[in-house]
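All of the numbers you see were taken from the coordinates with simple rules; none came from a lab. These numbers were taken from a predicted model, which means no experiment stands behind them. Every residue, glycine among them, receives a Cβ derived from its backbone with ideal geometry; neighbour counts consider all protein chains shown.
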Amino acid sequence: AQTVTQSQPEMSVQEAETVTLSCTYDTSESDYYLFWYKQPPSRQMILVIRQEAYKQQNATENRFSVNFQKAAKSFSLKISDSQLGDAAMYFCAYSNYQLIWGAGTKLIIKP
Amino acid sequence: DGGITQSPKYLFRKEGQNVTLSCEQNLNHDAMYWYRQDPGQGLRLIYYSQIVNDFQKGDIAEGYSVSREKKESFPLTVTSAQKNPTAFYLCASSIGRGVSYEQYFGPGTRLTVT
């Protein structure tokens, strides 16, 4: 069965600095997607970034980028120039028709 | 504006009562989902529906029921058989049920059963 592990329950970063959130997953499939979702205090789940497993190039969305290591089954999220509005729970999810979710990492931004 | 609405935001019920959570979408999406979120855990899939009048059990369907009579609506009933119903419930939808399809989420309903 596929599993997703986020080993950092909580991370903190100084405003304007860079932070990396870790995610590992386990699967025997070769074709799948990976997602990072953000859940701010409002609890509205928002897609941050997605990665297709067959693409070697790491996905980037403005200040958000991923480091996708398919062989290592690792999918970390890097947030550059952290802003106060980035404070949220971040969830990593694996998709092979069904989304499998990690337990989340709470990101705290220090002003 | 297109999106997903869930109502109410907060819901309180007495133990032993069934309760129905509403989920409506105007995105013209075929697939809809119900998730349960508990503290310290990721989302867990309760039920999903790929098309009207069809739905499938997810990982934790026991004690829950759903219907999909209209494309835009996917209500979830939490029955008295659900042993620990207090949780945050999220409804989502996607264009279809494919590997790459992004899921769009509603604002959620916090259910408290005492």
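In whole percent, what relative contact order does chain A give with Cα contacts below 8 Å and a gap of six or more residues?
Working: 272 pairs, mean separation 41.9, N = 111.
Reported as a whole number, the value is 38 percent.
When both segment B:18-73 and segment A:26-72 are represented by their alpha-carbon centers, they are found 23 Å apart.
Averaged over peptide A:43-50, the number of partner chain Cβ atoms lying within 10 Å of each residue's Cβ comes to 4. Scaling the Cα radius of gyration of segment A:1-100 by the globular reference 2.2 N^0.38 Å produces a ratio of 1.04.
Of the three principal axes defined by the Cα atoms of segment B:3-55, the extents in descending order read 34, 24, 22 Å. Among A:Gln51, B:Gln6, A:Gln14, which residue has its Cα furthest toward the positive end of the charge dipole of the protein assembly as shown, with +1 on Lys/Arg Cβ and -1 on Asp/Glu Cβ? So the residue furthest toward the plus end is B:Gln6. The protection proxy used here, the mean number of other Cβ atoms lying within 10 Å of each residue, ranks peptides B:4-11, A:71-78 as follows, highest first: A:71-78, B:4-11. Note on B:35-43: average number of Cβ atoms from other chains within 10 Å of each residue's Cβ is 5.
Sequence-ordered 3J(HN,Hα) estimates for segment B:54-70 from the Karplus curve with 6.51, -1.76 and 1.60 and θ = phi - 60° stand at 9, 8, 10, 6, x, 6, 9, 6, 4, x, 10, 9, 9, 9, 9, 7, 10 Hz, glycine and proline given as x. Panel note: the C-alpha atoms of the protein assembly as shown, placed on their principal axes, show extents of 48, 39, 36 Å (largest first). Note on chain B: Cα-Cα pairs beyond 19 Å make up 40% of the total pair count. Evaluated with a Cβ-only charge set (Lys, Arg +1; Asp, Glu -1), chain B carries a dipole of roughly 320 debye about its Cα centre, given to the nearest 20.
Around the amide H of B:Gly42, modelled in the peptide plane, lie the amide H atoms of A:Ala103, all under 5 Å away and 5 or more residues distant in sequence or on another chain.
With a 10 Å cut-off around each Cβ of B:102-108, the average count of Cβ atoms from other chains is 5.
For the options B:Gly58, B:Gly16, B:Gly40, a Gaussian network treatment of chain B with springs between C-alpha atoms closer than 10 Å singles out B:Gly40 as fluctuating the most.
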